[in-house]
Amino acid sequence: MNFFFFEGASRVSVATLLVEECGFDLPLPSSAALVERIRLAVLKLADGSAAAVSAHVAAAKQDWRDVLVAAGFGDDLAAHVAWGHALASWRFHVTEVSASVYEVTATDKMGRSVQLKGTDSDLLLTEARNAVLELCRGPTS
């Protein structure tokens, strides 16, 4: 599982939280595939916020089906795979370029990149992710 929205200590804490609290200890999940689907739903809903991961894990503990539906993974057993694959080859990096001004750079293995600057790093990560998803979808006609 790729934690492309999280850097440094946040990446470690998110991975630990998902492994320790969002797995086979949830009510009813009986397969690794279902656990992965739930974890990816949590990551999608958290939208790059480590604090939101904790909230969505708590919601999954109450009823993980609600988390799947909220993430758009409820009706399509492959939706989580498509979402994960679209972003898996991308790396997101946040840099503070000056006082309270951030730059988010997303690059993939094919050399494509998305670069955004602004004052809200969380919003920039969301916008970069959305731009990457649009690039992965290709032109719509």
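Rule-based calculations on the coordinates, nothing more; no lab input. The structure displayed is predicted, hence computed values, not measured ones. FYI the Cβ positions are ideal-geometry reconstructions off the backbone, even for glycines, and counts take in every protein chain you see.
Overview of results
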{"item": "Among the residues listed as VAL104, VAL97, the single one being in contact with a Leu (Cβ under 9 Å, 6 or more places away or on another chain) and either within 26 Å of ALA51 (Cβ to Cβ) or touching a residue at least 24 places away in the same chain (Cβ under 8 Å) (or both)", "result": "VAL104"}
{"item": "Residue within the stretch 79-87 that is in contact (Cβ under 8 Å) with a residue 60 or more places away in the chain and touching an Asp or Glu at 6+ places or on another chain (Cβ under 9 Å) present", "result": "yes"}
{"item": "Set LYS109, LYS44: member being closer than 18 Å to ARG129 by Cα and surrounded by fewer than 16 Cβ atoms within 10 Å (Cβ to Cβ)", "result": "LYS109"}
{"item": "Long-range neighbours under 7 Å by Cβ, at least six apart or interchain, first residue within 17 Å of PHE24 (Cα to Cα) within the stretch 50-77, second of a type in the set (S, T, N, Q) and outside any helix (DSSP H, G or I)", "result": "none"}
{"item": "Count of the stretch 21-35 residues which are over 15 Å from HIS56 (Cβ atoms) and assigned to a helix (DSSP H, G or I)", "result": "3"}
